[in-house]
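Presented below is the structure to which this report refers.
The values are calculated or read from the model by the stated rules, or taken from the named source; none is laboratory data. Predicted model, so just to flag it, every value in this text is computed and none were measured. Positions of Cβ are backbone-derived with ideal geometry, glycine not excepted, and every protein chain shown enters the neighbour counts. With ligands, DNA and RNA removed, areas are computed over all heavy atoms of the protein, side chains included. Shrake-Rupley method; radii C 1.70, N 1.55, O 1.52, S 1.80 Å.
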Amino acid sequence: MISQVNTIDEKLDVWALRQQFPVLLREVKGYPLVYFDNAATSQKPQSVIDSLVNYYSNFNANIHRGIHTLAEEATQAFEATRDAVKQYIGAAHREEIIFTRGTTESINLVAYTWGRQNLKEGDEVIISNMEHHSNIVPWQIICEEKKAKLRVIPITEDGELVMEEFRKLLSPKTKLVSIVHASNSLGTVNPVKTIIELAHEAGALVVVDGAQSSVHLDIDVQDLDCDFFALSSHKMYGPTGVGVLYGKKKWLEAMPPFQGGGEMIKEVTFDKTTYNELPYKYEAGTPNIADTIAFKSAIDFVNRWGKSKIRKHEEDLLKYATESLTEIEGLKIIGRAKNKVSVVSFFIEGTHPQDIGILLDNRGIAVRTGHHCTQPLMDRLCLPGTVRASFAAYNTREEIDILITGLNKAIKMLR
Ligand SMILES: Cc1ncc(COP(=O)(O)O)c(C=O)c1O
């Protein structure tokens, strides 16, 4: 059991925290695993794994419509996750929390419902040059369908948004701004509160892609005043296959359903169907019950260890890694924003990111290489891709030292 020691001032006991993650005990190619691919997906603590096993072992049942005990227990556990998410992101109403498959589906949901209902020829949607493909392609598809225009906020060499250009892009034609909170490729934390204020002044709605920010930063959707916020459980120590779309109640009520089927209806006749109330209107079919239930264990895990303590620890890792990497000759850090989450991307002269990734894997070090689903960003930076190390609560300075040794050895082999 974890003792109640999580006051803000105290340091994270990272060695105790690591013990909660069984996978960290394994070896890869004869070396202890060093897992630095957390921006792609984080590892899962035992409590999340136990939660999955507990559901399937003890109360597996379909939810909402059953009157038997198992169905009631499963429904209660599923709905408890909704309450936990509501609290985690500071939503005003539990009905504003829609379960999806992940950030990608959450953004698509807005594009296919709000976008299809509200966009028309000549309207404009603004995104940025550092978006993940999942915050580009859905808008491209819907803009093409509606003959609306996609506009792009440029970025600086350091990987920050050019806010003057954003201000210039805003006009009465702007109907929506969809912006990443924290960049998965650069680590940049964008000034989303200012963006939301400016967009609202221009009469536009704002979608925040919180796939990376939700695990690292304190999220308060009411304070941000965003219209929609998307996140993925699997990047927050939770299971894959579960995500959330937060939406302001007034928009969710006005929007048409996303998918048709069971659960999202009130009454069906061949003449007419009426839709269920929020949030079920957007949750057609049997949801991912087990993973949604286990997602609550992930949220509990973060709350129990303390988000601010975890953040401080991750900030220390980012600083230490940035300093250590900078000492490597020919290594360039990609993404030098003032405000970053614990993601460090880099490029090493005379090497290809993929070769570095393979050689690091041979020493048990998991990093991500390539375009990180941000091809337009790589084009802007004139790079074939980067090597990306992204840190979570369980990572240590010692592991960063192992990465540096691994990199030096890889560079010797490749140059
Ligand atoms: C910034 C950002 N947005 C969206 C996504 C898509 O998330 P998912 O694949 O969980 O839907 C990711 C995943 O890496 C991401 O980093």
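For the reader, a short list of remarks on this structure follows.
- In the context of the full set of protein chains, residues of the chain present 44 Å² of accessible surface per residue (probe radius 1.4 Å, heavy atoms only).
- Cα point-scatterer Debye curve for the stretch 86-179, base-10 log of I(q)/I(0) at q = 0.17, 0.23 Å⁻¹: -0.82, -1.14
- Three-way shape call for the stretch 135-175 based on the alpha-carbon gyration tensor, with the a/c threshold at 1.5: oblate
- Only the Cβ atoms of Lys and Arg (+1) and of Asp and Glu (-1) were treated as charged; on that basis the dipole of the stretch 304-415 about its Cα centre amounts to roughly 460 debye.
- Dipole magnitude (debye, nearest 20) for the stretch 174-249, charges at Cβ of Lys, Arg, Asp, Glu: 260
- Cα Rg, Dmax (largest Cα-Cα span) when computed across the stretch 212-356, Å: 21.3, 71
- If the chain linking M163 and I404 were pulled fully straight, counting 0.36 nm for each residue of separation and taking away their Cα-Cα distance, it would gain 83.3 nm.
- Choice from K312, K44, K168 with maximal GNM fluctuation in the chain (Cα, 10 Å cutoff): K168
- Projecting the Cα atoms of T405, V268, G247 onto the dipole axis of the chain, where Lys and Arg carry +1 and Asp and Glu carry -1 at the beta carbon, places T405 farthest toward the positive end.
- Computed with every protein chain present, the accessible area of T369 is close to 50 Å² [probe 1.4 Å].
- What the Cα convex hull of the stretch 154-268 gives, in volume per residue, is 136 Å³.
- Surface/4 of the Cα convex hull for the chain, nm²: 21.6
- Accessible surface of the chain, 1.4 Å probe: 51 percent of it comes from carbon and sulfur atoms.
- Kirkwood-Stokes translational diffusion coefficient of the stretch 1-138, alpha-carbon pairs, 20 °C, 1.002 mPa s, µm²/s: 109
- Dipole of the stretch 1-119 [Lys/Arg +1, Asp/Glu -1 at C-beta], most positive-end residue of V34, H93, Q76: V34
- Farthest toward positive dipole pole in the stretch 292-332 [+1 Lys/Arg, -1 Asp/Glu at C-beta], among L317, G330, I293: I293
- Summarising the strand pairing of the chain, around 60 percent of its internal DSSP beta bridges are antiparallel.
- Orientation-averaged projection of the stretch 282-321 equals 4.4 nm² [convex hull of Cα atoms, one quarter of hull surface area].
- Those residues of the stretch 123-163 whose amide nitrogen sits under 17 Å from the label point placed on T194, 7 Å along Cα→Cβ: 128-130, 153-163
- Net charge dipole size for the stretch 235-318 [Lys, Arg +1 and Asp, Glu -1 on Cβ; Debye, nearest 20]: 380
- The alpha carbons of the stretch 350-415 give a radius of gyration and a Dmax of 12.7, 34 Å, in that order.
- Extension gain from S308 to E201, taking 0.36 nm per residue of separation minus the Cα-Cα distance: 35.3 nm
- Spherically averaged projected area of the convex hull of Cα atoms, the stretch 187-251: 4.8 nm².
- Percentage of interatomic Cα-Cα distances in the stretch 218-266 larger than 17 Å: 52
- Report summary: the helix-based calculation at 222 nm, which adds -39500 (n - 2.57) for every DSSP H run with n ≥ 4 and divides by the residues of the chain, gives -11500 deg cm²/dmol.
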